[in-house]
Structure formats: structure tokens, C-alpha cells
Amino acid sequence: MRHIALLCEYDGSVFHGWQEQANAPSVQEALRLAWRELSGEDFSFRSCSRTDAGVSAWAHVSDFFTESAIPAEKIPLALNSKVPSGLSVLKAREVPEAFHSRKDPLGKAYVYRVWLGPSRPSILRHLVAHFPLDLNLQSMNELGQQLCGEHDFKAFMDQGSVVRQTIRRLDCLLSVRQGDTLAIICLGDGFLYHQVRILAGTLILVGRQKLSPEEVLDACHRKDRTALGPTLPPEGLCLHKVFFPGGLFGDDDENAYKALCHSAALFKPLDFSMEKIR
């Protein structure tokens, strides 16, 4: 058996999330059906993140075992001939048997983008949330700094999760504005159900001066979800990159993760020019 890791990009508006389900299209199902057609093998792919319906990914990592002789470097081209147009396999490589795309990452980077202009976007409507607001970025970033570190983030988790351990490490929570685009950048070792979208909703309220950083920290300490901001729509959220010890696909090792935590410039351009953010 060979063990293969995949790097994929997908448009969240096309899928009802990563995880396969009975009555809606999913990324996991699209990969499974495409690989079955290519190899005759039928199994589920493991995932670094079960993104929700509407959430996109620039660099999602999954893995699978196979007896197929298709060379790893040929797998992206082969799969891309079978999967829907909203999904692209960017890279593939053989990995050790013990590799696990969900358990092995040392950190993940998500970006939540908000369009602040007065008119709602049309072309970008599946990539941004729209809030035509004036925001105090200084207050938002003060709160972001205070939330960094290892904490119990249960207050930032919506109901519907079976996770028992709610302690997570947040390494960066930064709000950056370029023109009419606001990017809320989140890096950490893992995230709870809807955590990034709740963090973004809470930061927006702080930026509008509807909540103070002190009130947010108090609610976090009391594990009170009702005292925090709303869960923002999924369209604004994108999985930016997943990082692994020693790296996996290039520029995704410990040094790259540390650099990203300390330099928002690495996330540019944030203005939705045609160049993709990598």
C-alpha cells in the first residue's frame, strides 16, 4: 500500500462542506468518486479540516492509502480530469505510513474577509461577508493580542460539536484593512466548531464599540457564548494554509509558520486582485 497526501483548492460555494453526506455534494465525496473512477478503489479520504458548507480553501490537505501504481506526480492531473470545476488538486506526494493529515499539523492559518464598501459585492460574493461599517482596528487588535496564547475557548464554540477538550492555542489574531477589504487573520494549533467565525463576529462588535475587550475576556473566562458576537456567514472564511513539522508541500514548515505569525505582509494582497494568496 502507498500513502498519498493531497493539496487541494476549492470553492466553498460549490460544496456543502468537506465531509461526505447523503443528500448534498461534498469535497470528500468528489475526491472519492473521482479516485474510484480512476483506480477502481472506493474509500474515504482523511482531512486536515472539516470545513463547513460555504467555506473555501486555498490549501487543504488530505491523505489516503492506495494500491494504485499511478505516480504521485501524475495524480493531480488525473484527479482534475474527474472532479467538479470548483475543486482542484494542486499537488500530491507519497508520505510515511504514520502520516495523518488531521493529527500531524503544527498549525493552521484561516482568513476571514469582510467587504466594507457601501455596495454589496457580486463577483466576490462567495469569498467575502459584507458589512459596510466603520471599525476601530486598534481596539480589535488589542483584543486579538490578549486572546493569543493557550486558553479555554469554549465560549467561542457553537452548539453541535461533540468535542470535549476546548483548550486551544491561538498564535495570531490580527485585523488588517486594505482599501475596502478587512482581513481577520487567525493562526493556531486547531479550532473549535465555528470558532474563527465567532472570533470574527466578536471582533466586528469590538470594532463597532458594541463590546469592549474587557467584556469579551470576561465572557471567555466565564465560558459564556451568549455574551460574544454572532457567528459570521461562512462565505468570508477561507483555509489559507496548513503547516507540518518539517514541511509537506513547500513553505509550510515550522519556520514558515513562525514567519506568518509575525508578518501580516505575507498575507498580501488582501484587496482581491487576480493574484491568489498563497
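The values are calculated or read from the model by the stated rules, or taken from the named source; none is laboratory data. All figures in this text were calculated on a predicted structure; none of them were measured in a lab. No Cβ is skipped: glycine too gets one built from the backbone with ideal geometry, and neighbour counts run over all protein chains shown. Heavy atoms of the whole protein, side chains included, go into the accessibility calculation; ligands, DNA and RNA do not. Shrake-Rupley method; radii C 1.70, N 1.55, O 1.52, S 1.80 Å.
Given the residues Val216, Val163, which is the only one that is farther than 23 Å from Leu260 by Cα, open to solvent by 40 Å² or more (accessible area, probe 1.4 Å) and either at pLDDT 95 or above or under 20 Å from the mean Cα position of the chain (by Cα) (or both)?
Only one candidate qualifies: Val163.
Name the residue, out of Lys276, Lys258, Lys210, that is modelled with pLDDT of 90 or more, within 26 Å of Pro121 (Cβ to Cβ) and out of contact with any helix residue (DSSP H, G or I) (no Cβ under 8 Å at 6 or more places or on another chain).
Lys210
Out of the residues in the stretch 51-85 meeting the condition of being among the acidic types (Asp, Glu) and in a loop (DSSP other than H, G, I, E, B), tell me which one is least open to solvent (accessible area, probe 1.4 Å).
The qualifying residue least open to solvent (accessible area, probe 1.4 Å) is Asp52.
Considering each residue of the stretch 11-25, count those that are more than 16 Å from the chain's Cα centre (by Cα) and either small (Gly, Ala, Ser) or surrounded by fewer than 16 Cβ atoms within 10 Å (Cβ to Cβ) (or both), and give that number.
4
So if I check each of Ile198, Ile185, which one is open to solvent by less than 60 Å² (accessible area, probe 1.4 Å), β-branched (Val, Ile, Thr), under 26 Å from His262 (Cα atoms) and outside any strand (DSSP E or B)?
Ile198
Taking the stated definitions as given, is Ser88 open to solvent by 20 Å² or more (accessible area, probe 1.4 Å), in contact (Cβ under 8 Å) with a residue 60 or more places away in the chain, touching a helix residue (DSSP H, G or I) at 6+ places or on another chain (Cβ under 8 Å) and in a helix (DSSP H, G or I)?
No, not satisfied.
Restricting to the stretch 131-148, count the residues that are modelled with pLDDT of 95 or more, outside any helix (DSSP H, G or I) and not hydrophobic (A, V, I, L, M, F, W, C).
Total satisfying the criteria: 1.
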